[in-house]
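The values are calculated or read from the model by the stated rules, or taken from the named source; none is laboratory data. Owing to the predicted nature of the structure, the values given are computational and were not obtained by experimental measurement. Every residue, glycine among them, receives a Cβ derived from its backbone with ideal geometry; neighbour counts consider all protein chains shown. Areas reflect the complete protein model, heavy atoms only, side chains present, ligands, DNA and RNA absent. Shrake-Rupley method; radii C 1.70, N 1.55, O 1.52, S 1.80 Å.
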Amino acid sequence: MNSTLAERLLPWFAAARRDLPWRKEPRDPYRVWVSEVMLQQTRVDVVIPYYQRFLARFPTLRALAAAPLDDVLALWSGLGYYARARNLHRAAQACAGELPASAAQLRALPGFGPYTAAAVASLAFNEDVALVDGNVARVLARVFRLRGDARARAWTIAADSCRRVALPSSTRR
């Protein structure tokens, strides 16, 4: 991605982004993480009430870690992909009360794949790290005319752009 594309996307995002509960400042890494996991393969309008109920019951990482798995799964009921809830619970227990602050460290936790680790590190800890989800891969595939499965190439393009373009923290999701 060249700076021209970034220069065009950043103002658009600043003007078009939605006011969502997990975008409140200061960013709580736990809340960012919960939102990222809930948003996997689920629409934002569906996630918001689940997110609010989940955080009302498990307001902190320690509260989630201490909760019985059955309680976590009960609140997750209806979101589907229950492995996400089980991994959230397992990772909370593995963290000892605090999420690691880098994508590399987050990857060691259950349920943290490349995208989730990068998203949490970027959004909660301001780490300059590339992240590519399906939407980003589609945009980059169109802009750069990538053929076939563009996801791996999109990660390379995004990583290269992170090295060349310093994004202001106010533009982060």
State the extension gain, in nm to one decimal, for the chain segment bounded by Arg18 and Thr156, taking 0.36 nm per residue of separation less the distance between their alpha-carbons. 46.9 nm
Tell me the angle of helix 83-95 to the major Cα principal axis of the chain, expressed in degrees between 0 and 90 and rounded to the nearest ten. 80 degrees
Quick one: with all protein chains in place, what share of the accessible area of the stretch 1-126 is carbon or sulfur, to the nearest percent (1.4 Å probe)? 54 percent
Go through Ala14, Leu146, Ala96 and say which Cα lies farthest out towards the positive end of the charge dipole of the chain; charges sit on Cβ, +1 for Lys and Arg, -1 for Asp and Glu. Leu146
Relative to the chain, whose Cα atoms define the longest principal axis, helix 29-39 and its Cα axis are tilted in degrees, nearest 10, by 80 degrees
With a 1.4 Å probe and all protein chains left in place, how much accessible area per residue does the stretch 65-156 have, in Å²? 53 Å²
Once every DSSP H run of n ≥ 4 in the chain is given -39500 (n - 2.57) and the sum is divided by its residues, what mean residue ellipticity at 222 nm do you get, rounded to the nearest 500 deg cm²/dmol? -18500 deg cm²/dmol
Pairing the Cα long axis of helix 134-143 with the longest principal axis of the chain, what angle in degrees results, from 0 to 90 and rounded to the nearest 10? 0 degrees
